[in-house]
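Note sheet for the following structure.
None of the figures in this text is laboratory data; all of them are computed from the coordinates on show. Keep in mind that what you see is a predicted model, and the values were worked out from it rather than measured. Here the Cβ positions follow ideal geometry from the backbone for every residue, glycine too, while neighbour counts run over all protein chains shown.
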Amino acid sequence: MSASNISSTYPALFMLMGIPGLEHLHNWISIPFCFAYTLALLGNCTLLFIIQADAALHEPMYFFLAMLAAIDLVLSSTTLPKMLAIFWFRDREISFYGCLVQMFFLHSFSIMESAVLLAMAFDRYVAICKPLHYTTVLTRPLITKIGMAAVARAVTLMTPLPFLLRRFHYCRGTMIAHCYCEHMAVVRLACGDTRFNNIYGIAVAMFIVVLDLLFVILSYIFILRAVLQLASQEARYKAFGTCVSHIGVILAFYTPVVISSVMHRVARRAAPHVHILFANFYLLFPPMINPIIYGVKTKQIRE
């Protein structure tokens, strides 16, 4: 070991274990993972191509959808290739800084996705509750500012994490019991006082999920009230039909988050691979299902 590594407080490499307890099934588990990643790549690239190529889709709703597709591409590509390398080639090594970069992108783009879903709820609110002002409210400059705000919020909240983790001495080994570098999985290997990291991680997660979900629910309360005030049943059905795709995407994103959070608290004694499979499902499912939901439910994209 070189002198630089001896004086360093962090290891040169971490080892990702994949799914502890199910190592003998890694080859079989890789099949649905690979299938989901392929669908995510094809579906989101197709959405981006369609929205870019068709001038009729250059509207606020589809700009937000393009943001969502781009985020899903980055989010799935941050983790899935390394997971498949673990499952297929037993390539478990990841450098310390590579681990921090993966963690930063993973958590940052998850926060961005939540922000874009909130922006899409605002889009549906304006379209249904204030239809006459839709084009004047949701202008391209405002959409650009919303996108920049989503990026700025995520980067601001996640930038402290690499610096906080870099200051620890990792005396509990280098084996990360996960398929990717998740914040708390790395913190468990650190020695010293990690309370601030624990509190910060939980606070950011609660702040994002609770605040964004609260505003999404509030938007839909106003939308539902406006829809029920429409004169005909056909008009009500048509108005609320424009929200079906967005509701499906919200459920696909937030349901695994809630289930995983409940599992960590209710089923603490469950085998580690149960929690890891739920965490992987949270990363795999939304990028795969979002293009399908919008492709099937949105007439303009389907055509």
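Here are some notes:
- Sorted on the mean count of surrounding Cβ atoms within 10 Å across their residues, most packed first, peptides 158-166, 122-130 read 122-130, 158-166.
- FRET efficiency, GLU93 to ARG167 (Cβ-Cβ, R0 25 Å, nearest 0.05): 0.60
- For the range 50-89 and the range 139-210, distance of Cα centres in Å: 22
- Any cysteine of the chain lacking a neighbouring Cys Cβ under 4.7 Å - listed by number: CYS34, CYS45, CYS129, CYS179, CYS243
- Short-range pairs are left out: with C-alpha atoms under 8 Å and at least six residues apart, the relative contact order of the chain is 28 percent.
- Answer label for Rg and Dmax of the Cα atoms in Å (calculated), chosen among (1) 21.2, 78; (2) 19.2, 61; (3) 21.0, 67: (1)
- P(r) tail for the range 1-133: Cα pairs beyond 18 Å make up 68% of the total.
- Listed pairs LYS238/LYS299; LYS82/LYS145; LYS238/LYS297 exceeding 22 Å between Cα atoms: LYS82/LYS145
- With a simple spin-label model that places each label point 7 Å from the Cα along the Cα-to-Cβ direction, the separation between LEU228 and ILE247 comes to 1.4 nm.
- Highest mean packing first, where packing is the average number of other Cβ atoms within 10 Å per residue, the peptides 201-209, 65-73, 14-22 line up as 65-73, 14-22, 201-209.
- With respect to the chain, whose longest principal axis is taken over its alpha-carbon atoms, helix 195-228 is tilted by about 10°.
- Crossing angle, helix 272-297 versus the chain [Cα axis fit, 0-90 degrees, rounded to tens]: 30
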